[in-house]
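Let me begin by presenting the structure, written as structure tokens, before commenting on it.
The values are calculated or read from the model by the stated rules, or taken from the named source; none is laboratory data. Computed from a predicted structure; not experimentally measured. Note: ideal-geometry Cβ built from the backbone for every residue, glycine included; neighbour counts use all protein chains shown. The protein model used for the area step is the full one, side chains on, heavy atoms only, and it has no ligands, DNA or RNA in it. Shrake-Rupley method; radii C 1.70, N 1.55, O 1.52, S 1.80 Å.
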Amino acid sequence: MTEIQRETLEVDVLFVGAGPACLAGAIRMGRILKGQVPGVASPGDLSIMVIEKGAEAGSHSISGAILDPKALAELIPDFRDRGAPLESPVGDDDLYYLTRRRALRSPITPPPLRNHGCFIVSLGKLTRWMGEQLEGLGVDLIPGFPGSELLYEDDRVVGVRTGDKGLDREGKPKSNFEPGVDIRAKVTVLGEGARGSLTKQLVARHHLDAGCNPQVYTTGVKEVWEVPEGRLRPGSVVHTLGFPLDAKTFGGGFLYGMADNHISAGFVTDLGYEDPHTDPHSVFQQFKTHPLVARFLEGGRVVSYGAKAIPEGGYWSIPQLYVDGCLIAGDSGSLLNAQRLKGIHTAMKSGMIAADVVAGCLAAGDSSAARLKEYQDRIKSSWMGRELWNVRNFHQAFDGGLWSGLVHSALQMATGGRGVRNRYPTVASHERMRRLRPGEKPPGRAFDGKLTFDKLTDVYFSGTKHEENQPCHLVVADVDICHTRCTEEYGNPCQHFCPASVYEMAETDEGLRLRINASNCVHCKTCDIKDPYGIINWVTPEGGGGPAYVSL
Ligand code: SF4
């Protein structure tokens, strides 16, 4: 095969992923270059680029979301005057424990779930707005360009190759073929969100997680509803524990009152669950049938749907965040505060610290790992480092179930995050799945089409689209395992954990075989994480494909 001729672009700093981490980094970098950041000298005239796999900034952004504005206020002090899309300041915070029929309101809201001073936001709207703030700062934001592989010179990262466009299912060029571009950069910052595909390659190649706790994840499934007037005041926050999860599985639900009679409703299920039939989408649908929840939503309509894995390992799962020529920021670097259910402010702060450190490195003409190490040191000594240290054992505390988790969690709060030991161990999410029991079948699932929806209906609400005739972006290393060992040992759990009906076991002339409906994929990364054999690799599809999130 003739070698593909690729265009090469040269930039000084390349940010991969237009989420809160990289957009904050790019805004800060642009402002440093303009001499607008006191205390950080401009390294001169640099070229800055942000690439994003989605069709636009914000189209793949999804979060609860309650924003702690601390980092945003540091980044853009006049964010309110500039029209930052804040749905509402948080008013009241309520916490309930749900049984099947009853809702027991906690007499006190634990301090981590008190959100006074925070704002309910749509992360999609916020990141679109952050993208607009780049205007005039000399930063190029290029959507529809996924980073498909890292470029190396020896062990130094020298940029990113973007994905080819116009390949057919077999990987052969079609008439509209456009080869990906090699974007060479002095420093590359990876802010791809949870389980970033380039970050995964980088961490594996350099063993950046050596000595860390394994990363653990939850999957959040969410719908935004438009409801009749007066259901949930803008700014009202409801969190729940209990139903429909059993006491062994960590997770909980949320309802956030948004502007214009919209409610953000969602459920987070720990991917450390044991039962192979657990289905985070179905768990969320059951959550909505609880009388407490249904009364807020009944008579309304869904306007958007989405799902995303959330990295909850926290402090002890933070890998080395630097190598020669490259940094890792935001959720990709395990920089989320799971106890507060918040990662937007820490992602932004990491992007800002990355910008400050990179400016210094480029001024000195040195972007080696030894110099970039300053990034991790400054994260640790910043307010975000202290915040993450104080909750360093939070998620691990729930490895033994909800009730012991609450006891450990209270103890940790009283001891500055320590609890009964300085570092609680944990187990990777996919290793906790138990095998099928004899005769065990998946539970029946029914959806009424009014309050509860099947996965395909919800995928429709996510606006997801991919070019159909392209190589499959869910790469299963050994498909024979699917219809042999996996059917017998786990009952093909990919059919259950994927919240978008991508995987199905279909009858064929050769028997039961795996069928992958890749065009439904909402890019949540759950399959890459929870597959019990670790053989599913999520790679970037053709640029611009994926969800088109609205208000999420
Ligand atoms: Fe999520 Fe994987 Fe399903 Fe895509 S295929 S929606 S990444 S679980």
Sorted by chain and then number, the residues having a modelled amide H within less than 5 Å of the amide H of Cys118, at least 5 places away or on another chain, are Val90
For a quick check: with amide H placed at 1.01 Å from N, whose amide H comes under 5 Å from Val50's, ignoring anything fewer than 5 positions away on the same chain? Phe15, Asp140, Leu141, Ile142
What's the carbon and sulfur percent of the stretch 38-159's accessible surface, probe 1.4 angstrom, rounded to a whole number? 50 percent
Run the accessible area of the stretch 455-538 with a 1.4 Å probe and give the carbon-and-sulfur part as a rounded percent. 48 percent
Can you tell me the relative contact order of the chain? Whole percent, Cα pairs under 8 Å, sequence separation 6 or more. 20 percent
Ranked highest first by average number of other Cβ atoms within 10 Å, how do 83-96, 520-533, 241-254, 326-339 line up? 326-339, 520-533, 241-254, 83-96
Report the FRET efficiency, 1/(1 + (r/R0)^6), for Thr289 and Lys174, where r is their Cβ-Cβ distance and R0 is 45 Å, rounded to 0.05. 0.50
For the Asp480, Lys248 Cβ pair and Förster radius 25 Å, calculated FRET efficiency rounded to 0.05 is 0.20
Arg82 - accessible surface, heavy atoms, 1.4 Å probe, Å² rounded to 10: 100 Å²
Helix-only [θ] at 222 nm, the chain, -39500 (n - 2.57) per DSSP H run of 4+, per residue, nearest 500, equals -6500 deg cm²/dmol
Separation between the Leu411 and Asn261 pseudo-spin-labels, each 7 Å from Cα along Cα→Cβ, expressed in nm? 5.0 nm
Sorting check: for 139-147, 177-185, which peptide has the highest mean count of neighbouring beta carbons within 10 Å, and how do the rest follow? 139-147, 177-185
With every protein chain kept in place and a 1.4 Å probe, the chain has an accessible area per residue in Å² of 40 Å²
The pairs in Lys125/Lys308; Lys172/Lys530; Lys308/Lys465; Lys380/Lys525; Lys186/Lys525 lying past 22 Å Cα-Cα in this model are Lys172/Lys530; Lys380/Lys525; Lys186/Lys525
Aspartates and glutamates within cross-link reach of Lys450: Cα-Cα under 17 Å, excluding same-chain residues under 8 positions apart? Glu223, Glu226, Glu298, Asp458
Per residue of the stretch 523-537, in order, report the coupling 6.51 cos²θ - 1.76 cosθ + 1.60 (Karplus, θ = phi - 60°) as ³J(HN,Hα) in whole Hz, putting x for Gly and Pro. 6, 7, 6, 4, 5, 5, 8, 9, 3, x, 9, x, 10, 9, 10
Using θ = phi - 60° and Karplus 6.51 cos²θ - 1.76 cosθ + 1.60, couplings along the stretch 249-260 (whole Hz; Gly, Pro as x): 9, 6, x, x, x, 8, 9, 10, x, 9, 6, 6
For a quick protection proxy, order the peptides 199-210, 314-325, 295-306, 413-424 by their average other-Cβ count within 10 Å, most packed first. 314-325, 295-306, 199-210, 413-424
Here the Kirkwood hydrodynamic radius of the stretch 77-136, Cα-based and in Å, equals 14.2 Å
Based only on Cα atoms, what Rg/Rh ratio does the chain have, Rh being taken as Kirkwood's radius? 0.95
Expressed in nm to one decimal, what extension gain is obtained for the pair Ser368 and Ala204 from 0.36 nm per residue of sequence separation less their Cα-Cα distance? 57.1 nm
For the stretch 460-552, the Rg and Dmax computed from alpha carbons only, in angstrom: 13.5, 44
Roughly how big is the chain's charge dipole about its Cα centre, with Cβ charges of +1 (Lys, Arg) and -1 (Asp, Glu), in debye to the nearest 20? 1880 debye
Projecting the Cα atoms of Gly449, Ala55, Pro471 onto the charge dipole of the chain, where Lys and Arg contribute +1 and Asp and Glu -1 at Cβ, the residue farthest towards the positive end is Gly449
When the accessible area of the stretch 344-431 is split by element with a 1.4 Å probe, what percent falls to carbon and sulfur? 56 percent
For Tyr490, list long-range residues whose amide hydrogen, built 1.01 Å from N in the peptide plane, is under 5 Å from its own amide hydrogen. Leu436
